1. For the stretch 243-340, build the charge dipole from Cβ charges (+1 Lys, Arg; -1 Asp, Glu) around the Cα centre, then report which of M281, N332, W256 sits farthest towards its positive end.
2. If the reach is capped at under 30 angstrom between alpha carbons, list the lysines near K272, excluding any in the same chain fewer than eight residues apart.
3. Under a point-charge model restricted to the Cβ atoms of Lys and Arg (+1) and Asp and Glu (-1), what is the dipole moment magnitude of the stretch 64-174 relative to its Cα centre, in debye to the nearest 20?
4. Using θ = phi - 60° and the Karplus relation 6.51 cos²θ - 1.76 cosθ + 1.60, list the HN-Hα couplings for the stretch 378-392 in order, rounded to whole Hz, with x at every Gly or Pro.
5. Compute the distance from the alpha-carbon center of the stretch 383-425 to that of the stretch 44-83, in whole Å.
6. Please list 247-253, 310-316 highest first by mean number of surrounding beta-carbon atoms within 10 Å per residue.
7. In sequence order, what are the phi-derived ³J(HN,Hα) couplings for the stretch 29-38 according to the Karplus relation 6.51 cos²θ - 1.76 cosθ + 1.60 with θ = phi - 60°, rounded to whole Hz, with x for glycine and proline?
8. If I model a spin label at N417 and R143 as a point 7 Å from the Cα along the Cα→Cβ vector, what separation in nanometres do I get?
Amino acid sequence: IFTASLLGKEEIWSVKTEDGDPDLTQLTHSGQGKSHLKVSDDSKSVYYLEGGKLKKLDLGKKKSETLGFSAEMKLVIDQENRQKYEEAWSMLNQYFYDPEHHGIDWEAAREKYIPLIGALETEDEFIQVVSELMGELRASHLRIYPNYKSPDKQVQCAHYGFFFDSDAYRDQGIYRIRLILPNSPAETAENPLREGDRIIAVNGITLGRASNYFELIAGQEGKKTAFEVIGADGKKRTAEIKGAGFGLIRDLGYQWWIDTRRQIVDSLSDGKLAYVHLDAMGSGNLRDFKQELVNLAEKKDGLVIDVRYNRGGSIAVFLLEILTNRTYIYRNFVGGPLVSENKHRSKALEKPSILIINEASFSNAEIFASGYRQLGLGKIVGMPTSGGVIGTSSFNLIDGTRIRRPSWGCYTADMENLENIPRYPDITVDFDVADEVFDNDPQLTRAVNELLNQL
């Protein structure tokens, strides 16, 4: 009995393990995520969780029912905190990737913080103590996530997709729009905002230097906000913009950043180079990378690969397999062009490339950088990476508080531990605050010039 996803829908399935026909059978059809499967003692039912509810699946009838469940638990806060603390320490004692715990006395570390546990009064204090305990290990991928609920939408700020000119506010106390993201609510509204507009009132409340702008847009997600503005032409008008959640604006901001990097590369290389950025190392990033090899890089002479601000993941091995492919034979269909066997059967770059890294290239991005150098794929430009390379999973404490379980070490072929040791670039190029403010990208510029020289 197991769960499997088909077309993005997770269901429970069964398969016979005896010899002969495996008889694969789908047992549920709700399409919702399922977890914590447990077969009953008589093997006639399966209990599981779905959407926060306890369910029972009758294996004979292939039907599920929701079970009513309630229970009371008497909590003694100091005892619960002690239980959670011991769980956290024990998990790291058993599963930390280095049995020597980076050379510290882990038992002594446990004893060091026990006197604080009985005096804790808030969840924040518990989080702080466990964070201090984790800090003793001097390792990456250690974090504790409190079991908090998200703030109510009535206190969350709405987002519209525009950004203020900080100089205008600092020097003159005015709220002038510096940038509007493409496809954002501010741009796509019936009466949109424009770059250069000066906002003088929000929902009828005048803005001044002492105003709390964020208080005025709290709770406006999904609602229209009236911005009274003075345009670059000096005329007043009112623009009604529907507030959005942070996720949409984050995605639009990231796409804007990518588009501007591609424009820089295209301009500096006179259209000869393609640009691909990986913000993480997940399955979706791998899918996008493969698509961009065809859509962007196929008609170019080289590729700039950027893993700055990469959060990590697990696809470095697949990326490196693609990049190491070399042409060994060509194929063609009648009347069609010659195609490398690698590209005919799978995906391959088979062109010169260069890699950009920085201090925020993390975890699997550092593994990628290490492999990129070791395999001789090209030069690396930027700043040393963060030096945080441990493989993790998740572990829940008794009350749902979540901590990371750092169980997998990572070593080069020469047995150098990547943890706490950054991956260094071949060409060091810093990126300072002024570059950020004025949207300069000296690392990208250097990478383009180096790859052009190589070509």
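The values are calculated or read from the model by the stated rules, or taken from the named source; none is laboratory data. Quick caveat, the model's predicted, so the values are computed rather than measured. Because the Cβ atoms are built from the backbone with ideal geometry, glycine has one as well, and the counts that use them run over all protein chains shown. Note: areas computed on protein heavy atoms with side chains; ligands, DNA, RNA excluded. Shrake-Rupley method; radii C 1.70, N 1.55, O 1.52, S 1.80 Å.
1. Among M281, N332, W256, the one farthest towards the positive end of the dipole of the stretch 243-340 is N332.
2. By straight Cα distance, K272 reaches K290, K299, K300, K343, K347, K351, K379.
3. I would put it at about 200 debye.
4. Calculated HN-Hα couplings, in order: x, 7, 10, 10, x, 10, x, 6, 6, x, x, 10, 9, x, 10 Hz.
5. Cα centroid to Cα centroid, the span is 33 Å.
6. 310-316, 247-253
7. Coupling constants for the stretch 29-38: 9, 7, x, 9, x, 10, 7, 6, 5, 9 Hz.
8. Result: 2.2 nm between the two label points.
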